[in-house]
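Visitor: Have a look at this one before I ask anything.
The values are calculated or read from the model by the stated rules, or taken from the named source; none is laboratory data. What you see is a predicted model; the values in this text were computed from it and never measured. As a convention, Cβ positions derive from the backbone with ideal geometry for all residues, glycine included, and neighbour counts pool all protein chains shown. Note: accessible area is taken over every heavy atom of the protein model, side chains too, but ligands, DNA and RNA are not part of it. Shrake-Rupley method; radii C 1.70, N 1.55, O 1.52, S 1.80 Å.
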Amino acid sequence: SHPSLCPSGIKCGGVLSAPSGNFSSPNFPGLYPYETECTWLIVVAEGSSVQLSFSHFELEYHSACAYDYLQVYNGAARDQGNLLGTFCGHSPPPPFSSAWHVMAVVFRSDRHVAKHGFAAAYRKDACGGQLTGLSGEITSPRYPESYPNDAECRWSIGGAGSSGPLTLVFVDFQVEGSQGCGFDYVAIFDGPTAAAPRLGRYCGSVRPPRTVSSAPHLLILFKSDFNIGGRGFKAHFYSAGECQEVFTAIKGNFSSPRYPNFYPNNLKCQWSIHLPPGYRVKVFFLDMELEGRSSLTGSCDYDHLTAFDGGTENGSLLGRWCGRENLAPVTSRSNQLLLVLHTDRNTAKRGFSIAYVGVVPINVSCTRTDFHIQIPVQSLAQLERNRIYLGTPSCAAQVFGGNFKIHTSCTLVLQKRNNTSVIVSTLYIDFSVGDQEDIHQYEVQCEPKRKEASVTLIAGPDSSRLSQAENLVDVQQREGGATDTREIKSQDTSDIVFISICILAGLLMVIAVVGLVLL
C-alpha cells in the first residue's frame with residue numbers, strides 16, 4: 001500500500017512496518033491542509049503488540065468530533081468493532097497498546113479551520129502494554145514455548161470506557177517456583193501502577209485464583225531471572241457488568257456490550273442465569289445480528305453466541321448461533337443456563353438483546369374432567385394465593401401444607417391436536433407490582449384418555465416486546481394443523497355424576513321394558 005494523495009496534493013498515510021517509528025499530520029508542525037484523509041497501518045512482527053503514543057495533539061474541536069478528527073483502531077481501519085477511540089481538540093489521546101500485531105490510525109480534516117495537527121510514535125513491544133478493551137488475553141513472551149530469561153513485562157489494563165471492576169482468570173500457569181517467589185513471578189496490583197495495593201504474587205505450577213479489582217484498573221507484572229524458565233502463563237481479563245454477569249432474579253434482560261451500537265472485537269463474554277431449584281430458564285431472543293457464517297464451512301466459525309445447560313461450558317450445548325436470525329426461544333433442562341459470546345479480530349455487528357424468565361416448577365395432573373395443579377409455596381413465597389388462578393380469578397389457588405393447589409374444572413377448552421382430543425386451560429401467575437403489570441401465563445393441557453398432563457410457558461416478561469420475537473407459544477404446541485375448539489362450560493363434578501346416573505337409569509329402564517316384551 002502506498003501513501004494516499006490528499007486533494008491538496010500532499011502524500012500522507014501508508015504502511016509502517018519497521019519495529020519502531022514516528023509519523024505526523026501533513027505539514028506538521030505547520031497547519032494541516034483542508035479536506036485531507038490519511039490512514040496509517042502499523043504492522044509489526046506477529047506475536048508482538050503495537051505501543052502508540054502522542055507527543056503533540058491539536059485538532060479543531062467539536063463535542064462529537066464531527067469536523068476534524070483522529071481515530072485509533074485495534075487492527076484494520078474502518079471496522080467499528082476495532083475502534084479504540086475518536087479524538088479532536090487539544091487533549092491528546094492516551095497511550096494505546098494493540099491486542100495483536102496490527103494497528104491503524106486515521107486522520108481527517110474538513111474544509112474549514114486548520115490547526116497544527118499531531119505527532120505520534122510507535123514501537124513493537126514483545127510483552128506488556130496498555131490494554132483498553134472490555135476483555136482480552138495476555139500471555140508470557142513466547143508462550144507456550146519457554147519464556148526468556150531476564151524478562152520484565154507490565155500489562156496495565158483499564159481506562160478508555162471501562163467503568164466496572166476487572167476480573168482476571170489464569171487458564172494456564174507454569175513459572176519457576178521458589179520459596180516466597182523470589183526468582184520468577186507474576187504480581188497483580190489493584191490499580192494502574194505498582195504503587196497500588198498488591199493483590200497477589202505467584203510462581204510454581206498452581207494456577208493463581210480468580211482476581212477481581214476494586215476499581216476499573218489492574219496491573220500485571222511478570223519478571224524472570226537469569227536462569228531456569230517454564231512454559232509461562234495465559235490469562236483472560238474482562239470488565240464485569242458489561243461482559244460478565246450473573247443473574248439470580250426470576251426474570252431479566254441483558255444485551256451484548258455497547259448494544260445497539262457495534263460490539264467490540266476480541267471478546268469472550270459470559271452471562272450466567274442461576275435460578276432456585278425446580279425452575280427452568282427460558283430465553284427469548286429479542287434481536288440478534290452477529291458476523292455471518294463462514295463461506296467455506298457454512299458454520300459459525302467467527303463471531304458466535306452459544307448456550308449451555310448448567311453453569312459451565314462443560315454442560316450440554318443448547319445452541320450455537322451467528323449472523324442475523326429470528327430464533328425460537330430456548331429452555332434449559334436444569335435451573336442454570338450459560339450464554340457465551342465470542343468475537344474475533346474483525347467484522348463487528350449490532351449484537352443481541354435477550355430476555356429470560358424462570359419457568360415455575362408446576363406439578364400438573366388430570367382426570368377426564370379436571371386439573372390438579374401444585375406449586376411449591378417457596379417458589380412463589382411473595383405471592384398471595386389469589387394471584388395464582390386457572391382461567392379466571394374466581395378459580396384461585398388454595399394453600400395446603402407447603403403447596404399452592406388448584407383442583408378444578410374451571411373454563412376448560414376441548415381441542416383436537418394431532419387427531420387427539422385434549423383439554424386445555426390457562427394458568428395465570430400475577431407478579432404485578434403497583435401499576436407495573438406482569439402476569440405470566442402457562443398453558444395446561446390434558447389428554448383425557450391417557451390422563452396425561454403437561455404445562456408450557458406461553459407468556460413471560462414484557463409480552464409486548466417478546467411478541468416481536470415469537471408468538472409466545474412453543475412451536476411443538478402449534479404443530480398438527482387446524483384446531484377444533486369448543487368451550488366446555490364450568491361445571492361441578494357433582495353435575496357430571498348426576499347426569500351419568502340419569503343416563504344409566506334410562507338404560508336400565510330400556511332393558512327392563514325389552515325384557516318384559518320378550519316374556
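Visitor: Computing the accessible area with a 1.4 Å probe over protein heavy atoms, can you report the carbon and sulfur percentage for region 129-239?
Guide: On region 129-239, the fraction of accessible area on carbon and sulfur atoms equals 50 percent.
Visitor: Need the full-extension length gain, H274 to A249, defined as separation in residues times 0.36 nm minus the C-alpha distance. One decimal, nm.
Guide: 8.2 nm
Visitor: Long-range amide H contacts for G319: which residues qualify at under 5 Å (H placed 1.01 Å from N, peptide plane, sequence gap of 5 or more or a different chain)?
Guide: HN-HN under 5 Å from G319: A307.
Visitor: Provide the per residue accessible area, probe 1.4 Å, for region 42-132, rounded to a whole number of square angstrom.
Guide: 39
Visitor: Let me ask something else about it. Please sort 363-369, 137-143 by packing, taking for each peptide the average over its residues of neighbouring beta carbons within 10 angstrom, highest first.
Guide: 137-143, 363-369
Visitor: Right, another one. Put K349, K416, K449 in order of accessible area, largest first, 1.4 Å probe: what do you get?
Guide: Sorted by accessible area, descending: K449, K416, K349.
Visitor: With a 1.4 Å probe and every protein chain left in place, work out the accessible area per residue of region 211-272 in Å², rounded to a whole number.
Guide: For region 211-272, the per-residue accessible area is 40 Å².
Visitor: Same structure again: Below 8 Å between Cα atoms, with a sequence gap of 6+, how large is the relative contact order for region 13-125 in percent?
Guide: This gives 44 percent for region 13-125.
Visitor: When the accessible area of region 290-376 is computed with all protein chains present and a 1.4 Å probe, what percentage of it is carbon and sulfur?
Guide: 43
Visitor: Here's something else I'd like to know. If amide H atoms are built 1.01 Å from N in the plane of the peptide, which residues on other chains or at least 5 residues away come under 5 Å of the amide H of I42?
Guide: Under 5 Å from the amide H of I42: L16, M103, A104, V105.
Visitor: When the Kirkwood hydrodynamic radius is evaluated over all pairs of different C-alpha atoms of region 13-125, what value in angstrom, to one decimal, is obtained?
Guide: Over region 13-125, the inverse of the mean reciprocal pair distance is 13.9 Å.
Visitor: Averaged over all directions, how much area does the convex hull of the C-alpha atoms of region 293-359 cover when projected, in nm²?
Guide: It is 5.3 nm².
Visitor: Could you work out the Kirkwood radius for region 129-239, taking every pair of different alpha carbons, averaging 1/r and inverting it, reported in Å?
Guide: 13.8 Å is the Kirkwood radius here.
Visitor: Further question on the same structure: Taking all pairs of different Cα atoms in region 244-359, averaging 1/r and flipping that mean, what Kirkwood radius in angstroms comes out?
Guide: Kirkwood hydrodynamic radius for region 244-359: 14.2 Å.
Visitor: So how far apart, in nm, are the two label points at T297 and V169 if each is 7 Å from Cα heading toward Cβ?
Guide: Label at T297, label at V169, 2.2 nm between them.
Visitor: Give the calculated FRET efficiency between E447 and N363 to the nearest 0.05, with a Förster radius of 22 Å applied to their Cβ-Cβ distance.
Guide: Calculated transfer efficiency: 0.85.
Visitor: Mind putting a number on the dipole of region 244-359 about its Cα centre? Charges go on the C-beta only, +1 for Lys and Arg and -1 for Asp and Glu, and I need it in Debye to the nearest 20.
Guide: Approximately 180 debye in magnitude.
Visitor: Still on this model: Would you work out which of G180, L221, I157 lies farthest towards the positive end of the dipole of region 129-239, given +1 charges on the beta-carbon of Lys and Arg and -1 on that of Asp and Glu, about the Cα centre?
Guide: I157
Visitor: When Lys and Arg each count +1 and Asp and Glu each count -1, what net charge do the other residues less than 11 Å away from K223, Cβ to Cβ, add up to?
Guide: -3
Visitor: Still on this structure, I have one more. Check which residues have an amide H placed less than 5 Å from G85's amide H, if you skip close sequence neighbours.
Guide: HN-HN under 5 Å from G85: V72.
Visitor: Okay, next question. Taking 7 Å along the Cα-to-C-beta vector as the label spot, tell me the R385-S63 distance in nanometres, rounded to one decimal.
Guide: Those two pseudo-labels are separated by 5.9 nm.
Visitor: In whole Hz, what ³J(HN,Hα) sequence does region 389-406 give by Karplus (6.51, -1.76, 1.60; θ = phi - 60°), x for Gly and Pro?
Guide: Taking θ as phi minus 60°, the curve returns 8, 10, x, 9, x, 6, 9, 7, 6, 10, 10, 10, x, x, 10, 7, 10, 10 Hz for region 389-406.
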